[in-house]
Structures are given as structure tokens and as C-alpha cells.
Amino acid sequence: MIMDYMKNPVGAIKNFKEKSGTELMQGSLTMIFVASIIFAVNTVIGLMMLEAMPLQITGPEILVSVLEMGTANMAAGVFSVVLLGGLFFGFVTKVVMNVLGGDGEYWSGLATVSCPALSVSIGVLLAMVFSHVPTLGPVLAFLFVAVFLALGYASMFRLAKDMFDVGMIEAFVGVMVILAVGLVAIYGGLLTTPEGIMAVLPAP
């Protein structure tokens, strides 16, 4: 499923619904697992790029605390967050789309989440790699992020529509609800830490 999705996203998305339950389960699990690995690699590369810059990291306490975790811990943390977050939001997607009248199981929800996650992870990886190209690096990085983010966003709408047999309006509402839940969950999670609370409180 991964190679099909990267070679021909439109055709792969159309074929997702035709997969058997076992094939959809294996494919969606593989995609979110690979996306987690790539995001972990992105973290390592990003930290290496930061270390190579003559910068002194300052700012909110939570940012400083995170950067002081170390490369291995950061990569492991990102891998765990993406993997477990993807599995959880696969369930959230199923619940949201079922409430909106869709007919789909958990693996349909996970496929709806894992494809965009994989697309974004690859876009960020390519952007980091090609950002070192002389002169054109920033432009290439922007193009890769823009293209793969657009692909992921569009894929999520299309998968929500096709995997749950709903119209575009229901798919749009469902994706907006899922993304909103994600933002609220991240923000709420930050507020459970002392550093997160200090980051949002006004300075004395």
C-alpha cells in the first residue's frame, strides 16, 4: 500500500476501500509505523541541524526542556507520540465519521489518518535533505513541504469520504472536527506540565 500510495495517490486511495479487512489492517498499521519511523528520523536530522547552527536556544521553558532531552530520547518520544497518536486518532476518526452517518470500522479510520501522516513525514524529510542544496535549498524545502502537506490534507478528505461512504460535506465536517480535536489535545497536554503552563502565562 505504501508504494502504491507514493506512486499514484489517487489510484491507491480509490483502491483502499476494495481491500479486505486483513489487507486494510496490515496496510494502515504499516503506514503509521513507517510514518512514525520517518518522523523520528526527521527529529534526529532537525536536532543535528540545530546543533550545527551558532544559536543559543531560549524561549518558553517547555521548549528548552524538550531540547535538553537528548537526541535519542527525543527521537524515541516522537516515534511513540506519532505511533500511539495515530492509533488513537484512528479510533477518533471512526467515532466522528460514524456519528456523521458514515459506515466504517476502526481500520478505515486508521487508514484515513495514516496516509496523511506518511505524506507529511516524507515531505518534511525531503525538505530537510534538500534544504542543503546551495541557493535553491530553501525553495526546494518549501516546495516539498507544500506539495506533501497538500497531498496529505487532500488525502484525508478523500479517504474520509470513500472509507465511510459519506458526502464531501460530511467528510469536510469530520476532518475539521478531527483536526480541531488534535489541536485541543496538544494544547491541553501542554497545560498538564509546569513548563507548558509557564509558556502560556504572561510574563510578570
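The values are calculated or read from the model by the stated rules, or taken from the named source; none is laboratory data. Keep in mind it's a predicted model, so treat the numbers as computed, not measured. Note that we place each Cβ from the backbone using ideal geometry, even for glycine, and neighbour counts take in every protein chain shown.
Taken as a whole, the condition of being at pLDDT 90 or above, touching a Phe, Trp or Tyr at 6+ places or on another chain (Cβ under 9 Å), of a type outside the set (A, V, I, L, M) and in a helix (DSSP H, G or I) does not apply to Phe142.
Against the list (1) more than 11 Å from the chain's Cα centre (by Cα); (2) more than 16 Å from Phe16 (Cα to Cα); (3) crowded, with 17+ Cβ neighbours inside 10 Å, the condition Ala111 fails is (2).
If you check Leu24, Leu83, Leu29 for being assigned to a helix (DSSP H, G or I), at pLDDT below 90 and surrounded by 17 or more Cβ atoms within 10 Å (Cβ to Cβ), only one passes: Leu24.
From the list Thr43, Thr58, Thr135, the lone residue that is at pLDDT below 90, polar (S, T, N, Q), surrounded by fewer than 15 Cβ atoms within 10 Å (Cβ to Cβ) and touching a helix residue (DSSP H, G or I) at 6+ places or on another chain (Cβ under 8 Å) is Thr58. The residues on offer are Thr112, Thr135, and the sole one that is more than 26 Å from Met25 (Cβ to Cβ) and either assigned to a loop (DSSP other than H, G, I, E, B) or among the polar types (S, T, N, Q) (or both) is Thr135.
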